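Reviewing the structure listed below.
The values are calculated or read from the model by the stated rules, or taken from the named source; none is laboratory data. Every value quoted in this text rests on a predicted model; they were computed, and no experiment measured them. Backbone-built Cβ (ideal geometry, glycine too); neighbour counts: all protein chains shown. Quick note on the areas: whole protein, heavy atoms, side chains included, nothing else; ligands and nucleic acids left out. Shrake-Rupley method; radii C 1.70, N 1.55, O 1.52, S 1.80 Å.
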Amino acid sequence: MILKTKLAGHVYEFKSVKDVLAKANELKSGDVLAGLAATSDSERIAAKEVLANLLMSDLRNNPVVDYEIDDVTRMDQDGVDPVAYDRIKNMTVGEFREWILSYSTTESDLKAISKGLTAEMVAGVAKLMSNLDLVYAANKIRMESHCNTTAGVRGTFSTRLQPNHPTDDVEGITASLFEGLSYGCGDMLIGLNPVNDTVSSCAEILKRFDEVKNRWQIPTQQCVLAHITTQMEAVRQGAPTDLIFQSIAGSQKGNEAFGFTTETIRQAEALLREKGTAKGPNVLYFETGQGSELSSGSHYGADQVTMEARCYAYAKQFHPFMVNTVVGFIGPEYLYDSKQVLRAGLEDHFMGKLTGIPMGCDCCYTNHMMADQNDLETLTLTLAAAGCNYVIGVPASDDVMLNYQSNSYQDAAAVREVLGLHPIPEFERWLERVGIMENGRLTSLAGDPTIFTEKRGGLG
């Protein structure tokens with residue numbers, strides 16, 4: 001299939017819908033590395049013009065990975081609601097964009113139509129949107145989920161408290177945990193990335209999280225982000241966990257490179273329903289990030305935005321409690337600088353929301369990327385304005401284990417105050433009981449972790 005358009009006297013040809021999707025993408029260093037990017041701004045504009053005039057059905061009928069070889073494609077295609085799809089299949093992608101952005105299109109309209117979308121359709125419309133379009137459209141949608149508490153309620157902005165430690169020392173982890181709690185972090189999750197992917201280390205940390213959560217009666221969720229199989233074995237041996245985590249990709253081959261299959265996720269969910277500590281019903285946590293499929297040679301010649309949209313289509317099948325894009329973690333090979341990171345974060349958040357999943361973001365960058373903390377804070381504030389469910393919090397914005405920069409424990413409090421947002425209600429009431437928050441603002445006790453020592457008494 002040859003698709004073409006004439007722009008400024010030059011005819012641009014594209015060999016397939018996949019090619020159009022790749023070249024219509026905003027500039028990303030990962031697409032350049034893969035040899036998929038437009039070679040000029042003019043070619044990118046031409047690709048956007050062709051994309052805008054494609055029918056939504058064209059995108060559904062041309063998945064970037066073949067149905068016969070890929071379970072992500074099969075689950076996405078087979079899960080489409082025919083009634084919702086019939087409403088939009090004959091729209092052009094440009095018309096669909098206008099419909100999303102229309103004043104008259106409501107949150108309920110968008111949630112209803114999301115049942116009729118495939119990943120390629122979601123990615124296609126994202127490529128035609130400006131940054132402000134992505135913020136405006138995503139802000140219309142709130143995706144709630146429930147584990148022990150209900151996340152994603154309009155008017156809330158949450159945090160995953162990430163007390164990582166370079167040696168998984170439990171006392172060091174606990175000190176960082178108490179500091180984060182003292183700044184009002186942790187309403188979405190207390191979740192650690194372990195150094196040691198062993199059952200014993202995972203279980204030890206989970207037990208400490210459980211002790212802290214129960215000792216101070218904290219209404220939240222807990223998880224250790226070891227490999228899914230490690231977490232499952234820890235649960236079988238009695239370790240307490242509310243959620244099971246796994247990084248996911250946009251293709252079956254990519255997921256196999258991560259060391260799991262769809263059946264593994266189904267087994268993990270069944271295990272948690274039997275032996276987990278959460279109320280549920282949403283007990284899974286997924287992370288994604290543009291470019292991961294290229295790393296494992298599992299992108300099938302598709303651009304990183306489209307592959308990222310396929311991650312969300314896959315996650316949707318399992319009704320997760322939380323999903324987040326780790327937007328700048330891989331580095332400049334895939335997102336070169338702050339401009340590309342900002343764009344990717346807004347794209348990912350919008351695509352997740354339109355797909356129908358509860359979406360957060362790890363606003364982060366590596367130290368060899370052309371970005372700094374000011375860029376990260378700009379992304380955080382912009383995502384909060386877009387209705388992002390949560391961001392990450394680490395001590396002083398510096399993750400000493402993963403060696404990347406993210407949000408500090410203080411950032412969420414500043415964003416909440418600027419935009420008039422709050423933690424998850426149950427967690428905010430807990431913060432008020434321990435004296436950390438009053439009338440929606442942190443008190444003078446904020447940042448003092450000694451409130452959680454035996455000497456100060458806590459709640460017990």
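Once fully extended, how much extra length lies between E144 and S57, figured as 0.36 nm per residue of separation less the alpha-carbon to alpha-carbon distance?
28.4 nm
To the nearest 0.05, how large is the calculated FRET efficiency for E432 and A396 if R₀ is 30 Å and r is the Cβ-Cβ distance? The partial results should precede the final answer.
Numbers: r = 26 Å, r/R0 = 0.86.
Computed FRET efficiency for E432 and A396 comes out at 0.70.
How high is the relative contact order of the chain, in percent, counting Cα pairs under 8 Å that sit 6 or more residues apart?
Result for the chain is 19 percent.
Carbon-plus-sulfur fraction of the accessible area of the chain, 1.4 Å probe, in percent?
Of all accessible area on the chain, carbon and sulfur atoms account for 51 percent.
Label-point separation (nm) for S104 and N403, each offset 7 Å from Cα along Cα-to-Cβ?
Simple spin-label model gives 5.6 nm for this pair.
Post the alpha-carbon centroid distance, the stretch 388-460 to the stretch 175-191, in whole angstrom.
6 Å
Picking from S298, V64, T105, whose Cα lies most toward the positive end of the charge dipole for the chain (charges on Cβ: Lys, Arg +1; Asp, Glu -1)?
Positive-most Cα among the choices belongs to T105.
Mind giving me the nanometre distance, one decimal, between the label points for S16 and V195, set 7 Å out from Cα along Cα→Cβ?
Calculated label separation equals 4.5 nm.
For the stretch 319-460, give the magnitude of the charge dipole about the Cα centre (Cβ charges: +1 Lys/Arg, -1 Asp/Glu; no others), in debye to the nearest 20. Can you show the working numbers first?
Details: 9 positive and 18 negative charges, 78 e Å.
Here the size comes out at about 380 debye.
Taking the solvent-accessible surface of protein heavy atoms with a 1.4 Å probe, what is the per residue accessible area of the chain in Å²?
37 Å²
What distance in nm separates the simple spin-label points at I69 and E274, each placed 7 Å from Cα in the Cβ direction?
Rounded to a tenth, the inter-label distance reads 3.6 nm.
Given N residues in the stretch 76-125, what is Rg(Cα) / (2.2 N^0.38 Å)?
1.06
Sorted by mean Cβ packing within 10 Å, highest first, what order do the peptides 35-44, 312-321 take?
Final packing ranking: 312-321, 35-44.
Once amide H atoms are placed 1.01 Å from N in the peptide plane, what residues at a sequence separation of 5 or more from V326, or on another chain, have their amide H within under 5 Å of its amide H?
Here the answer is T288, G289, D362, since their amide H atoms fall under 5 Å of that of V326.
Just flag the trypsin sites (Lys or Arg not before Pro) in the stretch 53-160 sitting in loop per DSSP whose Cβ has no more than 12 other Cβ atoms within 10 Å.
Answer in residue order: R154.
Between the alpha-carbon centers of the stretch 193-267 and the stretch 125-159, tell me the distance in whole angstrom.
If we compute the Cα centre of each part, the gap is 25 Å.
Name the shape class, rounded, prolate or oblate, that the alpha-carbon gyration tensor gives for the chain, where a ≥ b ≥ c are the square roots of its eigenvalues, rounded holds for a/c under 1.5, and otherwise prolate holds if a/b is larger than b/c and oblate otherwise.
prolate
Just to confirm the filter: which trypsin sites (Lys or Arg not before Pro) across the stretch 391-448 are DSSP coil and have at most 16 other Cβ within 10 angstrom of their Cβ?
Passing both the DSSP loop test and the Cβ count: no residue.
Taking a cut-off of 12 Å between Cα atoms, list the aspartates and glutamates near K213, but don't count ones fewer than 8 places away on the same chain.
Cross-link targets: D187, D242.
Give the long-range amide H neighbours of T156: residues separated by 5 or more places, or on another chain, with amide H under 5 Å away, using H modelled in the peptide plane at 1.01 Å from N.
Amide H to amide H, under 5 Å and 5 or more residues apart or across chains, T156 pairs with H422.
With only Lys, Arg, Asp and Glu charged, each at its Cβ (+1 for the first two, -1 for the last two), find how big the charge dipole of the chain is about the Cα centre; round to the nearest 20 debye.
940 debye
Could you sort out which of K48/K339; K253/K339; K253/K316; K4/K127; K127/K353 sit more than 27 Å apart by Cα distance in this structure? Can you show the working numbers first?
Working: K48/K339 19 Å; K253/K339 30 Å; K253/K316 18 Å; K4/K127 18 Å; K127/K353 15 Å.
Table pairs above 27 Å Cα-Cα are K253/K339.
If amide H atoms are built 1.01 Å from N in the plane of the peptide, which residues on other chains or at least 5 residues away come under 5 Å of the amide H of L243?
Counting only residues 5 or more places away or on other chains, the set is Q222.
Go ahead and run the numbers for FRET between N439 and S40, Cβ-Cβ distance against an R0 of 56 Å, rounding to 0.05.
After rounding to 0.05, the efficiency reads 0.55.
Run the numbers for D86 and M370: contour at 0.36 nm per residue of separation, minus the present Cα-Cα distance, in nm.
Full extension from D86 to M370 adds 97.8 nm.
How large is the dipole of the stretch 87-134 about the Cα centre if only Lys and Arg carry +1 and Asp and Glu carry -1, each at its Cβ, rounded to the nearest 20 debye?
180 debye
Which of the listed residues, S158, S114, L189, is farthest toward the dipole's positive end in the stretch 95-206, when Lys, Arg count +1 and Asp, Glu count -1 at the beta-carbon?
Towards the positive end, the residue furthest out is S114.
Once phi is turned into ³J(HN,Hα) by the Karplus curve 6.51 cos²θ - 1.76 cosθ + 1.60 with θ = phi - 60°, what whole-Hz value does each residue of the stretch 230-237 show in order, with x for glycine and proline?
5, 4, 4, 5, 4, 5, 4, 8
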